[in-house]
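**Student:** Below are the structure tokens for one structure; questions will follow.
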């Protein structure tokens, strides 16, 4: 059974640009959550999707957005990139809508220069 | 007060010993509790989850939950050098149907051969 797949694995972008990251959850999983990991702040929750609906959003500016498609695949977008957006972006996949185990993808390493 | 607190370590134990990792949380309504292992440069890997008070054992790992005292711990028996990693405690907060996770900053475990 394939795990969570995130693409691309690495990205280098310039300040002011925008970026789109993709996540394919484990087959049959309907919940996708996104996290940002930095050395200073650790793992921070960005948002959560279930059945194409955003259910929760973390404390991030509106430049961070996401969506989920009918096949449960998810994308997140960051517009007007800032140097501080450099981080490892992780997607987690869960089978059901609540209180179930979350399995992480390999992450996308974003560097903003 | 941070929502989920862990001692950052490093926690150094000799090979074959028991490693004890602790975590406290502030939200008394927290629903589910997870332990992830993260090797340097890799994504978090789920190793244990626990929902009810008491102990849960899986191989060399035992998770312990005490909701009255708001702490959760992870014991690793017969520690091996390959267990050297950062261990992240995560909780699902109170608030209805969600898979959102709030993470501690992690404890670095070093198992000495």
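What follows draws every value from the coordinates through simple rules; no lab data is involved. These numbers come from a predicted model, not from an experiment. A quick note on method: Cβ atoms are made from the backbone with ideal geometry, for glycine too, and the neighbour counts reach across all protein chains shown.
**Student:** Under 8 Å for C-alpha pairs, at least 6 residues apart: give me the relative contact order for chain B, rounded to a whole percent. Write down the numbers at each step before the final one.
**Tutor:** Numbers: 285 pairs, mean separation 42.3, N = 113.
This gives 37 percent for chain B.
**Student:** Suppose we keep just the alpha-carbon trace of chain A; what are its Rg and Dmax in angstrom?
**Tutor:** Cα-based Rg and Dmax for chain A come out at 13.2, 38 Å.
**Student:** Order these peptides, B:64-76, A:59-71, by their mean beta-carbon neighbour count within 10 angstrom, highest first. Walk me through the intermediate numbers first.
**Tutor:** Working: B:64-76: 17.1, A:59-71: 13.6.
The peptides rank, most packed first, as B:64-76, A:59-71.
**Student:** Would you report the distance distribution of C-alpha pairs in chain B as whole percents per 10 angstrom bin, up to the bin with the largest distance?
**Tutor:** For chain B, the binned pair fractions read 15, 49, 30, 6, 0 percent.
**Student:** Would you mind putting A:7-14, B:36-43 in packing order, based on average other-beta-carbon counts within 10 Å, highest first? Spell out each step's value before the answer.
**Tutor:** Values: A:7-14: 12.1, B:36-43: 15.9.
Ranking, from highest mean packing down: B:36-43, A:7-14.
**Student:** Using only atoms on other chains, find how many Cβ atoms lie within 10 Å of each Cβ of peptide B:42-55 and report the average.
**Tutor:** Values: counts 4, 14, 9, 2, 5, 0, 1, 4, 0, 1, 0, 0, 0, 0.
Taking all residues of B:42-55 together, the mean is 3.
**Student:** Can you give me the C-alpha center-to-center distance between segment B:28-54 and segment A:44-61, rounded to a whole angstrom?
**Tutor:** So the two Cα centres are separated by 19 Å.
**Student:** Kindly state, as a whole number, the per residue volume in cubic angstrom of the convex hull around the alpha carbon atoms of segment A:1-63.
**Tutor:** Numbers: hull volume 7.6 nm³, N = 63.
Once divided by residue count, the hull of segment A:1-63 is 120 Å³.
**Student:** Need one value for A:36-48: mean number of C-beta atoms belonging to other chains within 10 Å of its residues' C-beta atoms.
**Tutor:** Working: counts 0, 5, 0, 0, 1, 1, 9, 11, 2, 7, 1, 1, 4.
That average works out to 3.
**Student:** Considering only DSSP beta bridges where both residues belong to chain B, give the percentage that are antiparallel (nearest 5). Provide the component values of the computation, followed by the final result.
**Tutor:** On the way: 37 of 41 bridges.
So the antiparallel bridges in chain B amount to around 90 percent.
**Student:** Quick one: Debye curve from the C-alpha atoms of the protein assembly as shown, no solvent, what's log10 I(q)/I(0) at q = 0.10, 0.15, 0.17 Å⁻¹?
**Tutor:** Here log10 of I(q) over I(0) equals -0.45, -0.99, -1.23.
**Student:** Which of rounded, prolate, oblate describes segment B:25-68, given a ≥ b ≥ c as roots of the alpha-carbon gyration tensor eigenvalues and a/c under 1.5 marking rounded, otherwise prolate only if a/b is larger than b/c?
**Tutor:** Values: a/c = 3.13, a/b = 1.47, b/c = 2.13.
Oblate is the answer for segment B:25-68, as a/c is 1.5 or above yet b/c matches or exceeds a/b.
**Student:** How shielded is A:95-102 by partner chains, expressed as the average number of their Cβ atoms within 10 Å of its Cβ atoms? Let's see the in-between values first.
**Tutor:** Values: counts 1, 2, 4, 9, 8, 4, 6, 11.
Other-chain Cβ atoms within 10 Å of each residue's Cβ, averaged: 6.
**Student:** Which ordering of A:35, B:51 is given by a fewest-first count of other beta-carbon atoms within 10 Å? Could the numbers behind the result be given before it?
**Tutor:** On the way: A:35 26, B:51 12.
Result, fewest neighbours first: B:51, A:35.
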